[in-house]
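To start, the structure itself, in structure tokens.
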């Protein structure tokens, strides 16, 4: 078991922050879900880092989610055992039962069908025999609709009359389902798409198997009268088993109290093998990411409901709009709400579940953030989120930050001198910055110059990042509000190994505040003379997967004198988007394989393998000429590079 001290150090590693307390006025970690443990709180306090705890909001639950898991702080899709009655708990989830009586819908009397009491139920009295003599019996039906309070997997529908009145069994019926929840249905309700029928029944208890099982929010039972006898129901039950196919959640809008720059987003939970848990973010400049519309009949136009929400919370905004009369809403439901694209970003692409601790990609600096979680499950495989947390700095380093790179076209595999242009907007109260971090996904050779507002600085310091796929450059001085609008130019030398394009992302930071969030550079017009307005570089098309193989020394002399005893075969692997099998082999001039010196799966990058002049039996080969072959795909000429290597003694 870890000691409290060990847990504290583990937390520091997870947060990616230093061990020494700093004066970090604006760093806050927000956690939605399971609260921080006492040890975590103590560790954060020792670093001077504030935190906020937010519960999963029941008012913002969308559908298909397990309400019973919320008290423990977890968010997960609905799951029921095969023998567990789903209908029995629908009222506790906000569901309902509606029964049609004399063309009206009644939402109270139907509750006796899901109360678990076999002695209570509904009875429909006998119909006058003359109604059947005129051939209208098949048009007479009773209609019951069950909203389950969420989306569930349904395999079986069961129901029965009161035990003391088995003769009141249902003779003919149909079952329909709908995926969505019905709101404001009024007094009339159309029939649902039919998924099962029973045309002739003579048994008190009815069991209908749905094959295949259906994931649904609402179930409808239509009871048809073929005789004038009295009919009744005491219990209505639904059984499924397994996870619901889809479930989703949107958080309340989180207000950070001012402009903030986003750091990493982390989560704790579970994603089973055949399930998906997609976490997304969006950020905005006001508390309301969506606009609800209401009609003005006299003016014959639409306006924003309550001027966009004012100071209402998102849940209260939605709740008040739902109370608006239907005649004051647009006729088409899809026209009643639209995203506020002027003040809010779109939802981000899903963050990879296995990549917890990644940077938030939604735009910053912004004051408001919202979180979305979508679950896609099979019957047996689902997922769970215990918490999602993100790090933010208020105020940000700068109010605005745009960057672009030049040139935007280069040769694949060729080192190129790039200039990274950065233009900050720094306002009073911003913390400023004195360093830039730039990612170089194919590595970096050198950082050659730094210019700030037209002045060259030669006393800058730069270093490669720990993974070698980027660099940091520290300025001789800190940029503050008086430097707002100044153009920063960083010139560096780096190769590009992908044809599909390479993104050179960047962040600025204040070296005196290592705990602060590094603020991301947004692509934009940083330099008027450059037309890229972006931070991505394209490469010219190339057919080769293997680029620039080099042999050194060539010839080489493997005679044991420690001088030129080994030949290094280096090359660049291009264009691939995942790990691929690569082999490096030596052949004699007759084409016979002498030795395989490397075989394995590798990603895009630069590589070097050595040959010590021995064959597959580890005996020195005779002096002479040999062929090397680097093969990515032996079925394709684009994946093979070969050449001559000489052995001398």
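The values are calculated or read from the model by the stated rules, or taken from the named source; none is laboratory data. Quick caveat: nothing in here was measured; it's all calculated off a predicted structure. Neighbour counts run over all protein chains shown; Cβ positions are idealised from the backbone, glycine included.
A few points about this structure:
- Annotation: of all residues in region 98-126 being modelled with pLDDT under 80 and on the phi < 0 side of the Ramachandran plot, the one that is farthest from the chain's Cα centre (by Cα) is 101.
- Residue count, region 35-66 (criterion: assigned to a loop (DSSP other than H, G, I, E, B) and within 20 Å of residue 383 (Cβ to Cβ)): 5
- The numbered conditions (1) within 30 Å of residue 431 (Cβ to Cβ); (2) out of contact with any strand residue (DSSP E or B) (no Cβ under 7 Å at 6 or more places or on another chain) are all true for residue 260 except (2).
- Single residue of 442, 511 found to be touching a residue at least 60 places away in the same chain (Cβ under 8 Å), touching a strand residue (DSSP E or B) at 6+ places or on another chain (Cβ under 9 Å) and surrounded by 16 or more Cβ atoms within 10 Å (Cβ to Cβ): 442
- Meets criteria (in a strand (DSSP E or B), closer than 30 Å to residue 401 by Cα, in contact (Cβ under 8 Å) with a residue 24 or more places away in the chain and touching a strand residue (DSSP E or B) at 6+ places or on another chain (Cβ under 6 Å)) for residue 369: yes
- Among the residues of region 191-221, those identified as surrounded by 10 or more Cβ atoms within 10 Å (Cβ to Cβ), in a loop (DSSP other than H, G, I, E, B) and modelled with pLDDT under 90 are 191, 192.
- Among residues that are within 30 Å of residue 264 (Cβ to Cβ), touching a strand residue (DSSP E or B) at 6+ places or on another chain (Cβ under 7 Å), surrounded by fewer than 22 Cβ atoms within 10 Å (Cβ to Cβ) and touching a residue at least 40 places away in the same chain (Cβ under 8 Å), residue 522 is included.
- Flag for residue 330 being part of a loop (DSSP other than H, G, I, E, B), buried (at least 18 other Cβ atoms within 10 Å of the Cβ) and touching a residue at least 24 places away in the same chain (Cβ under 8 Å): no
- Which listed residue, of 338, 349, 376, is more than 30 Å from residue 429 (Cα to Cα) and more than 15 Å from the chain's Cα centre (by Cα): 338
- Among strands (runs of 3 or more DSSP E) entirely within region 503-614, having at least 1 residues that are modelled with pLDDT under 90 and in contact with a helix residue (DSSP H, G or I) (Cβ under 9 Å, 6 or more places away or on another chain) singles out 546-552, 580-587.
- Number of the condition not met by residue 61 [criteria: (1) at pLDDT 75 or above; (2) over 30 Å from residue 148 (Cα atoms)]: (2)
Residue by residue, here is whether (1) crowded, with 18+ Cβ neighbours inside 10 Å; (2) within 22 Å of residue 383 (Cα to Cα); (3) at pLDDT 90 or above holds:
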{"site": "232", "(1), (2), (3)": "yes, no, yes"}
{"site": "238", "(1), (2), (3)": "yes, no, yes"}
{"site": "243", "(1), (2), (3)": "yes, yes, no"}
{"site": "251", "(1), (2), (3)": "yes, yes, yes"}
{"site": "266", "(1), (2), (3)": "yes, yes, yes"}
{"site": "289", "(1), (2), (3)": "yes, no, yes"}
